[in-house]
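What follows is a set of notes on a single structure, which appears directly below.
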Amino acid sequence: MLAVTCASWANRPDDGFPDLLEGKWGTQIGSFYYLVENEQAVLTNRNMTEIGSASGGGSYDGIVKIPATIIYAGETIPVVGIQDYAFCDCPELTKVVIPNSIATIGEYAFISTPNLTAIEVEADNNYFYSENGILFSKQNELIAVPAAKTFNNDKYNVPENTTKIWNQAFDGCINIKNITLPSSIKAIGNYAFYNCKRLESINIPTGVSSIGNYAFYNCYNLAIDFTLPTTLNEIPQGIFYNCRKLKSVKLHNKTSVIGAEAFSSCLALTSINLPQSITEIDPKAFYGTGLTSITIPGSVEIISNSAFANTKLTSVKINEGVKIIDQSAFSGLGTSLAEVSIPSSVTSINSYAFSKSYVKDFYIHSTSDETELGEKTPFQISTGLKIHVFKGMADEFKNAKNWSNYKDYVVDDVEYNGAQNDVVTLIDGVDYTNSTDKNVKKVIYSRVYKNTNWQALYLPFDMSYDDWKDNFEIAIINNIHQYDDNDDGNIDRTTIEVLKVKDGKTIKAHTPCVIKALKSDSKNAQTIIVNDATLKKAESKSKDCTSVSTRYTFTGIYSKLSGADMVANHLYGMAGGTFNLATDPTKSLGGYRWYLEITDRDEENAAKSSYNEVEDIDIICLDEAQTTNINSIANDSTIVAIYDMNGRM
């Protein structure tokens, strides 16, 4: 990204001055060039062909004293303004004197004037003044510092009460090493300190509410510890581009965006802490920095194009929540980065993501259909490359689109429930085999919800409904009903009554329940994150709902149950929002599910009774006030138990 040049045009901010004239062609009068309209003149550049367009090549040199009036078409008219870029690219210009008639000065009027030592303003000008050769507005805004001006001890203290630094105000100032900004500064413009190559230190007042793009671009020797003011929540684009000696950066916990090229080529920047508030890391944000380690918070959805390319990274931690690793995000790292763990939330690793980064071990914590690869070399193929996937999933990856390009490097040796830095990812459909209880900092449960019907759920950790309610409804099994609709003595219809969980409620681990996604997504997994959880050991537990003659047993599982076993044991499994009696031995029931077994109480160890079998079982969801539970009928101490009409206690 280059700084503004004479051939560029930018929208001028609201500076409170009269608008520049909308003339179209420059006119030479004496030694000067003007745009003239409505009996007023604005000084411009010789090569200015129309407003805002200059072809380069300066018009002025030496000492320039702008006249207050000119004779034009036989009339005396005032010179009221200095056009944008008016003195741009005038290498021999040394001094400018501004008359009292000037009421407006355009953007970038004095840039690219390397030998300019002073800008003076006549004392009775109503809009501008000069202090020690530096141009200010009478609204206390610093407009321009001459590039060749010298300072005592190479230090400059911006005057108190100054509120704004204009765009490119310090453009190319080569004689300043230290700048002190007063607390009154509220805004710093685009490229404000561009090419101040000897600048070593500057303070950023805590009250600054705006810093422009590329504000310190090419300040090679700027060696500060930068703390983002709490009045700013975004790091501007290119703010420290090519500040090779920038030491450190501290961001507050409301920082949300790191702009494109913000720290590009900051060679001395070796570390940065990204707070959980960060949601956006823009392209080339840390390109070519000296970073050796980085942790990407889960609040960042996209690690943008070339964000960390050509750095010195030896450690990368990508937290759960990140969805996309964009093109060339971590390219050009050479051999410095040995391994990378990709969380289950990542849905796309785009082309060249790790190109020319000779990572030996990638750990993939998702299934192949949940994480897509770009077509062009997302991973750099090299000797010793291994792509580690969950046990039993090697063939799935080897046969998946784009993943098949890496089939010779896939190794299925990742324990599904293995913790990465005390974070455990549970992927629906992949076996859970924990043999002991374990306290972890975070559990992430990832599952694709292809519809918004009720689905079976069985999890190994306590679930607070408050963690789920924004995206899901959950209900617990409360009762079961069988109906003989035609009074022939056979069951015609069965329904499972579930009780909707309320805010503030907690569902215990190993509890068969049902879940409904508020929004479906047939392709991308939805995740739920639980902090400071206890993962229970894998157990298949049951919940009974028993009548006088029949036992209904709901049993949860964490590993796949074959379709053949389902059929042989007359089991019911949930699909498409209803229960179906298993009839197809090729269709298995995945982990994190539960099945229903109906047995005759008089034949508990015998074959299942055909009397109880129905094709479908419907789910009926009720609120607490609608349930058929009998909570209390009498306080008679002689009553041992109360049953409903179907014999349920």
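The values are calculated or read from the model by the stated rules, or taken from the named source; none is laboratory data. Just so we're clear, the structure is a prediction, and the values are computed from it rather than from any experiment. We place every Cβ from the backbone using ideal geometry, glycine too, and count neighbours over all the protein chains shown. Heavy atoms of the whole protein, side chains included, go into the accessibility calculation; ligands, DNA and RNA do not. Shrake-Rupley method; radii C 1.70, N 1.55, O 1.52, S 1.80 Å.
Points worth noting:
- Shape of segment 259-356, Cα gyration tensor, a/c cut at 1.5: rounded
- Taking 0.36 nm per residue of separation and subtracting the Cα-Cα distance, full extension of the segment from D600 to K505 would add 30.8 nm.
- Inter-probe distance in nm under a simple model that places probes 7 Å from Cα toward Cβ, at T583 and T433: 3.6 nm
- The calculated 222 nm mean residue ellipticity attributable to helices in the chain amounts to -500 deg cm²/dmol, summing -39500 (n - 2.57) over DSSP H runs of n ≥ 4 and dividing by all residues.
- Efficiency of FRET from Cβ geometry, T227 and N161, R₀ 30 Å, rounded to 0.05: 0.80
- Rounded to the nearest Hz, the phi-derived 3J(HN,Hα) couplings of segment 101-108 under the Karplus curve 6.51 cos²θ - 1.76 cosθ + 1.60 (θ = phi - 60°) are 7, 6, 10, 8, 10, x, 5, 6, where x marks glycine and proline.
- The count of lysine pairs in segment 407-533 whose Cα atoms are under 16 Å apart, excluding pairs fewer than 8 places apart on the same chain, comes to 12.
- Size check on the chain: the Cα extents along the three principal axes, sorted descending, read 117, 62, 44 Å.
- Filter on K95/K149; K356/K398; K65/K95 - keep pairs with C-alpha separation over 19 Å: K356/K398
- Computed with a 1.4 Å probe over protein heavy atoms only, the accessible surface of segment 266-375 comes to 34 Å² per residue.
- Each peptide among 347-355, 289-297 gets the average number of other Cβ atoms lying within 10 Å of its residues, and from highest to lowest they stand as 347-355, 289-297.
- Rg ratio for segment 484-597: its Cα radius of gyration over 2.2 N^0.38 Å, N being its residue count, equals 1.24.
- For segment 395-520: span of alpha carbons on each principal axis (Å, largest first): 64, 35, 31
- Three-way shape label, segment 101-156, alpha-carbon gyration tensor, a/c 1.5: prolate
- Förster radius 25 Å - calculated FRET efficiency between D470 and T534 (Cβ-Cβ, nearest 0.05): 0.60
- Dipole of the chain, positive end: most advanced residue of S522, A582, S293 [Cβ charges, Cα centre]: S293
- With the simple model of a label 7 Å out from the Cα in the direction of the Cβ, S299 to F151 spans 3.5 nm.
- Span per principal axis, largest first, for the Cα atoms of segment 99-237 (Å): 42, 28, 24
- Residue-span extension gain [D488 to A575] - 0.36 nm each, minus C-alpha spacing: 28.4 nm
- When the charge dipole of the chain is built from unit charges on Cβ atoms (+1 for Lys and Arg, -1 for Asp and Glu) and taken about the Cα centre, the candidate among H365, Y458, I143 whose Cα reaches farthest toward its positive end is I143.
- Label positions at E131 and S315, each projected 7 Å from the Cα along the C-beta direction, are separated by 4.7 nm.
- Between the amide H of R493 and those of Y483, D485, distances stay under 5 Å, these residues lying 5 or more places away or on another chain, with hydrogens modeled in the peptide plane.
- Ordering of 378-386, 237-245 by burial proxy (mean other Cβ atoms within 10 Å per residue, highest first): 237-245, 378-386
- Summary of the geometry: segment 108-134 and segment 242-272, compared by the centres of their Cα atoms, lie 33 Å apart.
- Sorting M463, M574 by solvent-accessible area of protein heavy atoms yields M574, M463, largest first, with a 1.4 Å probe.
- For segment 399-410, backbone phi angles converted through the Karplus equation (6.51, -1.76, 1.60; θ = phi - 60°) give residue-by-residue couplings of 9, 7, 4, 6, 5, 4, 5, 10, 4, 7, 10, 7 Hz, Gly and Pro being listed as x.
- Share of pairwise Cα-Cα distances greater than 20 Å in segment 349-412 is 14 percent (whole percent).
- 3J(HN,Hα) along segment 336-348: 5, 9, 8, 8, 9, 9, 9, x, 5, 6, 5, 9, 8 Hz, from the Karplus curve 6.51 cos²θ - 1.76 cosθ + 1.60 with θ = phi - 60°, whole Hz, x for Gly and Pro.
- Rounded to 5, the percent of DSSP beta bridges in the chain classed as antiparallel: 50 percent
- Packing here is the average count of other Cβ atoms within 10 Å per residue, and on that basis the peptides 167-179, 59-71, highest first, run 167-179, 59-71.
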